[in-house]
Amino acid sequence: SLGYVGGELSAQRKKSLEYYLGDKLGTEIDGRSQVVSTDVADTIETILPNLLRIFTASDQVVKCEPMKAEDVQLADQATNYINYIFYKDNPGFEILYTWFKDALLEKNGIVKVYWDDSQKVEQETYERLTEQEYNLLIDDPNVEVVEKEEFVDEKAKAQLDKIKEVAEEAGEEIEINVPKLCNTVIKRYSGFGKVRIENIPPEEFLIHQNSKSIENSNFVAHKVYKTRSELIEMGYDREVVDNLPTNNTEIYNTEKFTRQDGLDDFSLDDAPDHSTQKVEIYECYIRIDYDGDGVSELRKVIVAGQGYEILENMPCDFIPFCSL
């Protein structure tokens, strides 16, 4: 894991990407042929449809088999549910396509499967609300009022003035409260829970070099950049997140630059707003004797920034990565 930047495997993957893209080799001589063979791309694109057809020819990527007669209905429900999660809640075909392509091109395709419970914040604007409608809106504990502007309901006022005039002509004195309307802007906080399946770029996946499998590895990590806003939405303390330093170690990742060549020529993070600045995050899964009983347990440790500020340290049951 320590040698993932500039290591032999990283260099091989970078070269595979260059061959796939048909980049110049740098050994060209003026006046001679500049043709670059695209054998790598041709081979991968020939194999890829046949691999995908195995998994996508049916509308069921998974089928659960019942063990007993009474399990038939439950197995059918589980089959439908899992396929719904994969193809409806997540872009199943795109996941398979990218997973196989990464495996063919860069030796390993990595997919991450986890439960996403991050909090989402949406801003909503309402106009001309009555007092009853406004109270009903803010009665929700997940709603925060950002702005509020009250004004007289001119249409209702005109109607009430006519009623008052009629009453006065009849010699009656009545007191009328003119109703008010309001415009408001609110923030709505909503809990978000779903199974998330994501393709992980190979250079973001770190694993102990002597591991035989992901499940039995002593150390696995996902290195990713997240904005301060995303970290706060994930539930981390705002004061801690605001003080995390940003860095630009991405500039040393030649694999990423090769893949994004021609898309982004400016590699440094130049976010104009503090909330969209990117922070380096390591989501680590490590086996360690945390309780001192002599037996190592699997723990999830999330660290951030150049000083590796610990955001989370908790026991976990499994490592959420799949390799192809």
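Looking at region 115-124, is at least one residue surrounded by 14 or more Cβ atoms within 10 Å (Cβ to Cβ) and not polar (S, T, N, Q)?
Among the residues of region 115-124, not one is surrounded by 14 or more Cβ atoms within 10 Å (Cβ to Cβ) and not polar (S, T, N, Q), which makes the answer no.
Of the residues K164, K180, K157, K187, which single one is more than 30 Å from I281 (Cβ to Cβ), touching a residue at least 40 places away in the same chain (Cβ under 8 Å), surrounded by 11 or more Cβ atoms within 10 Å (Cβ to Cβ) and among the basic types (K, R)? It would help to see each step written out before you state the result.
Details: K164 fails: touching a residue at least 40 places away in the same chain (Cβ under 8 Å); K157 fails: touching a residue at least 40 places away in the same chain (Cβ under 8 Å); K187 fails: more than 30 Å from I281 (Cβ to Cβ).
After applying the criteria, what remains is K180.
Restricting to region 48-90, give me the number of residues that are under 29 Å from E106 (Cβ atoms) and either in contact with a His (Cβ under 7 Å, 6 or more places away or on another chain) or aliphatic (A, V, I, L, M) (or both).
9
Just one of the numbered conditions (1) under 27 Å from the mean Cα position of the chain (by Cα); (2) outside any helix (DSSP H, G or I) is not true of C64; which one?
With respect to (1) under 27 Å from the mean Cα position of the chain (by Cα); (2) outside any helix (DSSP H, G or I), C64 is out only on (1).
What tally of residues in region 1-19 results from selecting those that are open to solvent by 90 Å² or more (accessible area, probe 1.4 Å) and closer than 15 Å to E255 by Cβ? Walk me through how you get there before you give the answer.
First, pick out the residues of region 1-19 that are open to solvent by 90 Å² or more (accessible area, probe 1.4 Å): 2, 8, 15, 19.
Next, only the ones that are closer than 15 Å to E255 by Cβ stay: 8, 15, 19.
Residues that pass the stated criteria total 3.
Can you go through L25, L51 and tell me which one is out of contact with any strand residue (DSSP E or B) (no Cβ under 7 Å at 6 or more places or on another chain) and free of Cβ contacts under 8 Å to residues at least 40 places away in the same chain?
Just one listed residue meets the conditions, L25.
Going by the structure shown, is V195 within 30 Å of S296 (Cβ to Cβ), in a strand (DSSP E or B), in contact with a helix residue (DSSP H, G or I) (Cβ under 9 Å, 6 or more places away or on another chain) and touching a residue at least 60 places away in the same chain (Cβ under 8 Å)? Even if it seems obvious, please write down each step before you answer.
Details: within 30 Å of S296 (Cβ to Cβ): yes; in a strand (DSSP E or B): yes; in contact with a helix residue (DSSP H, G or I) (Cβ under 9 Å, 6 or more places away or on another chain): yes; touching a residue at least 60 places away in the same chain (Cβ under 8 Å): yes.
Criteria met by V195.
Restricting to region 109-123, name every residue that is in contact with a helix residue (DSSP H, G or I) (Cβ under 9 Å, 6 or more places away or on another chain) and not hydrophobic (A, V, I, L, M, F, W, C). Steps first, please.
Looking only at region 109-123, we keep the residues that are in contact with a helix residue (DSSP H, G or I) (Cβ under 9 Å, 6 or more places away or on another chain), and these are 109-111, 118-121.
If the condition is that a residue be in contact with a helix residue (DSSP H, G or I) (Cβ under 9 Å, 6 or more places away or on another chain) and not hydrophobic (A, V, I, L, M, F, W, C), then G109, S118, Q119, K120 are the ones that fit.
Which of the residues that make up region 20-48 are open to solvent by 60 Å² or more (accessible area, probe 1.4 Å) and under 23 Å from E94 (Cα atoms)? Please lay out each step first, then the result.
Start the filter on region 20-48 by keeping residues that are open to solvent by 60 Å² or more (accessible area, probe 1.4 Å), which leaves 21, 24-35, 37, 39, 42-43, 45-47.
Matches in region 20-48: L21, D42, T43, E45, T46, I47.
Being within 23 Å of A221 (Cα to Cα) and at pLDDT 75 or above is the filter here; which residues of region 260-286 pass it?
If the condition is that a residue be within 23 Å of A221 (Cα to Cα) and at pLDDT 75 or above, then Q277, K278, V279, E280, I281, Y282, E283, C284, Y285, I286 are the ones that fit.
Output the residues belonging to region 98-152 that are within 15 Å of I186 (Cβ to Cβ) and part of a loop (DSSP other than H, G, I, E, B).
Of everything in region 98-152, those that are within 15 Å of I186 (Cβ to Cβ) and part of a loop (DSSP other than H, G, I, E, B) turn out to be D139, D140, P141, N142.
The values are calculated or read from the model by the stated rules, or taken from the named source; none is laboratory data. Please read these numbers as outputs of a predicted model, since none were measured by experiment. Quick reminder, even Gly has a Cβ in these numbers, built from the backbone with ideal geometry, and neighbours come from all protein chains shown. Each accessible area value is taken on the protein alone, full model and side chains, heavy atoms only, with ligands, DNA and RNA left out. Shrake-Rupley method; radii C 1.70, N 1.55, O 1.52, S 1.80 Å.
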